[in-house]
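Enquirer: I'd like to ask you about the structure that follows.
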Amino acid sequence: MPKFVAPSDPAAQWTGALRNAAFFAYADNYLIDIKFGIIMDVESSRAIRQSEVGASRTMIERTEKTFGIKPEWLVADTAYGSAPNLHFLVDVKGIAPHIPVIDKSRREDGTFSRDDFIYDEARDHYVCFSGKILPRSSGARGPRGDHAISYFSRVADCRDCPLKSKCCPKSPSRKITRHVHEAARDVARAIANTPAYEQTRRDRKEVEMLFAHLKRILRLGRLRLRGPAGAQFEFTLAAIAQNLRRLAKLSLQPPDTAAPCVA
Ligand code: SF4
């Protein structure tokens, strides 16, 4: 049950996302060809992360279906860096994610984190600093239900290990959990260390100008129509206006051709 409901528009989401006074809102999601600054698709959604991520998938699928265009890579912020979304991009769509990974596995207490263990993909086990193997558990999954696979070191290996105080000081052996879509997260991590990633992060800042333009010039900080359909209608009209403006600029100053990508 939502905390607050707008009597005039019950589908609007009560949000404090802008870090000042909360208000009722819809999220305006764009799929943008980042090189040309052209909006490829628009989707309104509830102003919560899960819905915005869902909207990005809808737009990718719809753009592919409508225009036969699929981006080679996608730039987005951390909200889109969950394992299931990276799995969708990498494994399902074959899109390179230029997206920061949501990763809570790093330990802050000075003991080894999961990254300190080496994953052997061929044998599906981890190897620790002492060269011991942490095999995959055949039993219960981790605390995140079906999404995490557990790997345990052997108690006999850890008992006399000189690194135990840095590894598993409060338990007889070490446990590592790995998301079922960890491979997709590894792809995003690898991309984050490339020069191309640095460039796309810079390019993305220019895209933010489109959203600033929405509020300051097109005055879309407040919607005139009610309901999800009204929001979609207004967002689409605003995107058309922005594209016309952009096309007018491009016709005066044609850019170099480049592979399509989106943010
Ligand atoms: S405590 Fe166990 S898992 Fe940790 S480094 Fe030593 S042998 Fe490996």
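Enquirer: At Ala11 and Thr194, where each label point lies 7 Å from the Cα along Cα→Cβ, what is the point-to-point distance in nanometres?
Expert: Roughly 3.9 nm, to one decimal.
Enquirer: Relative contact order for segment 61-201: what percent, with Cα pairs under 8 Å and sequence separation of 6 or more? Display every interim value, and only then the final one.
Expert: On the way: 196 pairs, mean separation 34.2, N = 141.
Relative contact order comes out at 24 percent.
Enquirer: Please work out the FRET efficiency for the pair Phe67 and His125, using the Cβ-Cβ distance as r and a Förster radius of 45 Å; give the result to the nearest 0.05.
Expert: Working: r = 44 Å, r/R0 = 0.98.
Here the calculated transfer efficiency is 0.50.
Enquirer: Search the structure for amide H atoms under 5 Å from the amide H of His179, placed 1.01 Å from N in the peptide plane, and list their residues when 5 or more places away or on another chain.
Expert: Hits under the 5 Å cutoff: Ile149.
Enquirer: Relative contact order of segment 114-179, please, whole-number percent, based on alpha carbon pairs below 8 angstrom and at least 6 residues apart.
Expert: Numbers: 93 pairs, mean separation 17.3, N = 66.
Answer for segment 114-179 is 26 percent.
Enquirer: Moving to a separate point now. How large is ³J(HN,Hα) for each residue in segment 169-185, as worked out from phi by the Karplus curve 6.51 cos²θ - 1.76 cosθ + 1.60 (θ = phi - 60°), to whole Hz, x for Gly and Pro?
Expert: x, 10, 9, x, 8, 9, 10, 10, 10, 10, 5, 4, 9, 4, 4, 5, 5
Enquirer: Something else now. If amide H atoms are built 1.01 Å from N in the plane of the peptide, which residues on other chains or at least 5 residues away come under 5 Å of the amide H of Ser82?
Expert: Those lying under 5 Å, H to H, from Ser82 are Ile102.
Enquirer: Using the eigenvalues of the Cα gyration tensor, what equivalent ellipsoid semi-axes result for segment 50-105 when each is taken as the square root of five times the eigenvalue, whole Å, largest first?
Expert: Numbers: eigenvalues 81, 27, 16 Å².
Listed largest to smallest, the semi-axes of segment 50-105 are 20, 12, 9 Å.
Enquirer: Could you list which residues have their amide H under 5 Å from that of Ala96, counting only those 5 or more apart in sequence or on another chain, with H placed in the peptide plane?
Expert: Under 5 Å from the amide H of Ala96: Trp73, Leu74.
Enquirer: Cut-off 18 Å, label point 7 angstrom out along Cα-to-Cβ of His147: give me the residues of segment 82-101 whose amide nitrogen falls inside.
Expert: 82-92, 99-101
Enquirer: As a quick test, which of the pairs Lys175/Lys205; Lys104/Lys164; Lys104/Lys132; Lys3/Lys215 have an alpha carbon distance above 31 angstrom in this structure?
Expert: On the way: Lys175/Lys205 40 Å; Lys104/Lys164 22 Å; Lys104/Lys132 24 Å; Lys3/Lys215 27 Å.
From the list (Lys175/Lys205; Lys104/Lys164; Lys104/Lys132; Lys3/Lys215), the Cα-Cα distance tops 31 Å for Lys175/Lys205.
Enquirer: I would also like to ask the following. How large is ³J(HN,Hα), in whole Hz, for each residue of segment 161-168 in order, when computed from phi with the Karplus curve 6.51 cos²θ - 1.76 cosθ + 1.60 and θ = phi - 60°, using x for Gly and Pro?
Expert: Once θ is set to phi - 60°, the couplings for segment 161-168 become 6, x, 9, 4, 5, 9, 10, 9 Hz.
Enquirer: With the Cα gyration tensor of segment 1-121 in hand, convert its eigenvalues to equivalent ellipsoid semi-axes via √(5λ) and list them largest first in whole Å.
Expert: Working: eigenvalues 171, 120, 29 Å².
Sorted largest first and rounded, they come to 29, 25, 12 Å.
Enquirer: Right, next: More than 21 angstrom separation, counting every C-alpha pair in segment 114-179; what % is that? Each step should come with its number before you reach the end.
Expert: Working: 412 of 2145 pairs.
Considering segment 114-179, 19 percent of its Cα-Cα pairs are separated by more than 21 Å.
Enquirer: Show that you can apply the helix-only estimate: for the chain, add -39,500 (n - 2.57) for every DSSP H stretch of four or more residues, divide by all residues, and state [θ] at 222 nm to the nearest 500.
Expert: Mean residue ellipticity at 222 nm (helix-derived): -11000 deg cm²/dmol.
Readers should treat all values here as calculations from the given coordinates under stated rules, not as data from a laboratory. If you're wondering where the values come from, they're calculated on a predicted model, not measured in any experiment. Every residue, glycine as well, gets a Cβ built from its backbone with ideal geometry; the counts of neighbours run over all protein chains shown.
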